[in-house]
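A.B. asks: Here's a structure for you.
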Amino acid sequence: MRLGFMASGRGSNAKAIIEACGSGTLAATPVLLISNNLNSGALNLAKEYNLQTFHLSGQTHPDSDELDSAITQTMIDNKIDLIVLAGYMKKIGGQLLSNYKDRIVNIHPSLLPAHGGQGMYGMNVHRAVIESGEKISGATIHLVNEDYDQGRILGQKTVQVSKQDTVESLAEKVIKVEHQLYPETLQKIISGEISL
Ligand code: GRF
């Protein structure tokens, strides 16, 4: 299975997945990483691991349909089987969605359907969890469709939220389980334990 990543930020999830491929716990080949952010840690990391890298954004393609088309063509040209969103902060275009229906996965830092949707990303999510007084949080892997964070849930892992937790300490707990959950869930997809 050939993986194509899309990421905007530091890329720690992409790193965990690439390393799982390297160690053999994940039977997949990381092929390329597309970022909308030329200065992202994710792009540098992908270069370090010898993936092909592409900066495709509103800067390179001011027309959003052309950008969608360039991203889609890059995935098709490189025979990508599964698209892995790893902190990608832009909405996925209609062309990519229709060409890769049920073959785009995302990770979200809460137990969806709680604390998902537009505007719920990064620290906003952990702040909402702390403010709601919940005792557990976690991470969710889901399929991507037209609506933010609404696709079918493929896997979740929980963490305990203690009274002492701050937004930052909760974020640290959740990112640790993300790094386990993402490779594990991808391997379940590849082995057929989870069907897309
Ligand atoms: C993660 O918290 C993920 O759940 C969310 O974006 C963050 C990406 O972190 N979608 P990183 O760039 O993989 O470190």
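The values are calculated or read from the model by the stated rules, or taken from the named source; none is laboratory data. Keep in mind that what you see is a predicted model, and the values were worked out from it rather than measured. All Cβ positions, glycine included, derive from the backbone under ideal geometry; neighbour counts span all protein chains shown.
A.B. asks: Whether any residue in region 184-191 is buried (at least 19 other Cβ atoms within 10 Å of the Cβ), over 30 Å from D63 (Cα atoms), under 14 Å from the mean Cα position of the chain (by Cα) and at pLDDT 95 or above is what I want to check.
C.D. replies: yes
A.B. asks: Please verify whether S195 is more than 16 Å from the ligand (Cβ to nearest atom), part of a loop (DSSP other than H, G, I, E, B), without any contact (Cβ under 8 Å) to a residue 24 or more places away in the chain and more than 16 Å from the chain's Cα centre (by Cα), treating the condition exactly as stated.
C.D. replies: It is true that S195 is more than 16 Å from the ligand (Cβ to nearest atom), part of a loop (DSSP other than H, G, I, E, B), without any contact (Cβ under 8 Å) to a residue 24 or more places away in the chain and more than 16 Å from the chain's Cα centre (by Cα).
A.B. asks: Regarding G41, is this residue touching a Gly at 6+ places or on another chain (Cβ under 6 Å) and surrounded by fewer than 20 Cβ atoms within 10 Å (Cβ to Cβ)?
C.D. replies: Taking the combined requirement at face value, the residue satisfies it.
Per-residue answers, yes or no, for (1) in contact with a Gly (Cβ under 9 Å, 6 or more places away or on another chain); (2) assigned to a strand (DSSP E or B):
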position: M120; (1), (2): no, no
position: H126; (1), (2): no, no
position: Y148; (1), (2): yes, no
position: L154; (1), (2): no, yes
position: V177; (1), (2): yes, no
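A.B. asks: Considering only region 128-146, state which residues are part of a strand (DSSP E or B) and crowded, with 16+ Cβ neighbours inside 10 Å.
C.D. replies: Result: S137, G138, A139, T140, I141, H142, L143.
A.B. asks: Right, something else. Name the pairs: first residue in region 92-106 and on the phi > 0 side of the Ramachandran plot, second residue crowded, with 16+ Cβ neighbours inside 10 Å, Cβ to Cβ under 7 Å, at least 6 apart or on different chains?
C.D. replies: D102/L143
A.B. asks: Within region 181-192, can one find any residue that is away from the ligand (no atom under 13 Å from the Cβ), in a loop (DSSP other than H, G, I, E, B) and of a type in the set (A, V, I, L, M)?
C.D. replies: no
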